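Taking it in order: structure first as structure tokens, then the write-up.
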Amino acid sequence: METRSLVFVAVSCLLFHFAELSKIPSYIKVCKRNDPKLNDCIINSIETLRPYLLKGIPELEVPSMEPLTLPEVLVARGAGIRAVGKNIDISGPGSFVIKKLNVDLSNYQVDIAVDLPFLTFDGEYEVSGRLLVLPLKGKGPVKANATNCKADVVLRARTVKKEAGDYLHFYNMDIDITIGGYHVQLDNLFNGDKLLGDATNAALNENPKELIAYLKPIIEKTVGNIILEIANKITQHFTLEELLPEH
């Protein structure tokens, strides 16, 4: 094959490759903006996407949801306490159940209500100070779970003009999380003092309302940042017309 033919084949393959990258993947179900059942279509699209979210989508830079790993979480600071969670593996977020979804295209706002039946947390912690009336000091493994969680989410987006067209960017989110119940186990409290450690863990689990109220803003902020990051990692790859065509 002569040189010009080789160049032509190489350029053709390269152009085909970039054309393929620009297409919407088969696992993203496209919904039309004028669909009278747009909300149902988007719910179906999320359900189609669920198994891919569970294992992660490397080509879109979306991390795995099962487990979802957080390298570091500042659990609390101020009011006499500092607590940090590290390498926290969260299992269960992929089992979310969408109870309600409404899209307002005129304002690019999405309202979602979801249930999270069961979440588990496994990682490392370091804490010092006082939580409620309890003195806390320790460093070691932490295991926890939360049950019957509900979340009401409002996502707000704007369009961003780029060379290829308009893209959606989610810039703000309100989230209200309700936790039905929880259990937490902090190992190696007070340098491994079993008596103090057992008593403190028992006290933490006997005061669910107080502890949930204390941690609720931190949990909402952490979850909110995760949702915004995942949403924007998906929308940054496709134009608004590709994701939500008019016709």
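The values are calculated or read from the model by the stated rules, or taken from the named source; none is laboratory data. Bear in mind that the values here come from a model prediction, so they are computed numbers and not experimental data. When we count neighbours, we look across all protein chains shown, and the Cβ atoms used for this are built from the backbone with ideal geometry, even at glycine. The protein model used for the area step is the full one, side chains on, heavy atoms only, and it has no ligands, DNA or RNA in it. Shrake-Rupley method; radii C 1.70, N 1.55, O 1.52, S 1.80 Å.
Scan segment 78-90 for residues that are in a strand (DSSP E or B) and open to solvent by 40 Å² or more (accessible area, probe 1.4 Å) and jot them down.
Residues of segment 78-90 in a strand (DSSP E or B): 78, 81-90.
Scanning segment 78-90 gives Arg82, Lys86, Asn87, Asp89.
Is there a residue in segment 58-70 that is free of Cβ contacts under 8 Å to residues at least 24 places away in the same chain and more than 25 Å from Ile219 (Cβ to Cβ)?
Looking for residues that are free of Cβ contacts under 8 Å to residues at least 24 places away in the same chain and more than 25 Å from Ile219 (Cβ to Cβ), one finds at least one in segment 58-70, hence yes.
What's the total number of residues in segment 170-181 that are open to solvent by 50 Å² or more (accessible area, probe 1.4 Å), within 30 Å of Glu206 (Cβ to Cβ) and part of a strand (DSSP E or B)? So that I can check it myself, show each step before the final result.
So the first thing to find is which residues in segment 170-181 are open to solvent by 50 Å² or more (accessible area, probe 1.4 Å), and the list is 171-172, 174, 176, 178, 180.
If we keep only those that are within 30 Å of Glu206 (Cβ to Cβ) as well, we get 176, 178, 180.
Filter once more, keeping what is part of a strand (DSSP E or B): 176, 178.
Residues meeting the conditions: 2.
Please go through segment 33-77 and give me each residue that is of a type in the set (A, V, I, L, M, F, W, C), under 16 Å from the mean Cα position of the chain (by Cα) and not in a loop (DSSP other than H, G, I, E, B), ordered by number. Lay out the reasoning, then the answer.
Taking segment 33-77 as the starting set, the residues that turn out to be of a type in the set (A, V, I, L, M, F, W, C) are 38, 41-43, 46, 49, 53-54, 57, 60, 62, 65, 68, 70, 73-76.
Now restrict to residues that are under 16 Å from the mean Cα position of the chain (by Cα): 46, 49, 53-54, 57, 60, 62, 65, 68, 70, 73.
If the condition is that a residue be of a type in the set (A, V, I, L, M, F, W, C), under 16 Å from the mean Cα position of the chain (by Cα) and not in a loop (DSSP other than H, G, I, E, B), then Ile46, Leu49, Leu53, Leu54, Ile57, Leu60, Val62, Leu68, Leu70, Val73 are the ones that fit.
Yes/no per residue for (1) assigned to a helix (DSSP H, G or I); (2) of a type in the set (D, E, K, R); (3) under 27 Å from the mean Cα position of the chain (by Cα); (4) at pLDDT below 90:
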position: Asp198; (1), (2), (3), (4): yes, yes, no, no
position: Ile212; (1), (2), (3), (4): yes, no, yes, yes
position: Glu220; (1), (2), (3), (4): yes, yes, yes, yes
position: Glu246; (1), (2), (3), (4): no, yes, no, yes
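What number of residues within segment 212-235 satisfy the criterion of being among the hydrophobic types (A, V, I, L, M, F, W, C) and within 17 Å of Val84 (Cβ to Cβ)? Break it down stepwise before answering.
Within segment 212-235, the first condition is being among the hydrophobic types (A, V, I, L, M, F, W, C), and the residues that meet it are 212-213, 215, 218-219, 223, 226-228, 230-231, 234.
Going one step further and asking which of them are within 17 Å of Val84 (Cβ to Cβ), we end up with 215, 218-219.
The number of residues fulfilling the criteria is 3.
Could we say that Val62 is surrounded by 14 or more Cβ atoms within 10 Å (Cβ to Cβ) and under 23 Å from Thr159 (Cβ atoms) here? Spell out how you get there, then give the answer.
Values: surrounded by 14 or more Cβ atoms within 10 Å (Cβ to Cβ): yes; under 23 Å from Thr159 (Cβ atoms): yes.
Against the criterion (surrounded by 14 or more Cβ atoms within 10 Å (Cβ to Cβ) and under 23 Å from Thr159 (Cβ atoms)), Val62 qualifies.
What tally of residues in segment 225-242 results from selecting those that are in a helix (DSSP H, G or I) and more than 14 Å from Ala157 (Cα to Cα)? Lay out the reasoning, then the answer.
Taking segment 225-242 and keeping what is in a helix (DSSP H, G or I), we get 225-235, 240-242.
From what is left, the residues that are more than 14 Å from Ala157 (Cα to Cα) are 225-226, 241-242.
So the count comes out to 4.
Restricting to segment 31-59, name every residue that is open to solvent by 70 Å² or more (accessible area, probe 1.4 Å) and either in contact with a helix residue (DSSP H, G or I) (Cβ under 6 Å, 6 or more places away or on another chain) or charged (D, E, K, R) (or both).
Within segment 31-59, Lys32, Lys37, Asp40, Glu47, Lys55, Glu59 meet the criteria.
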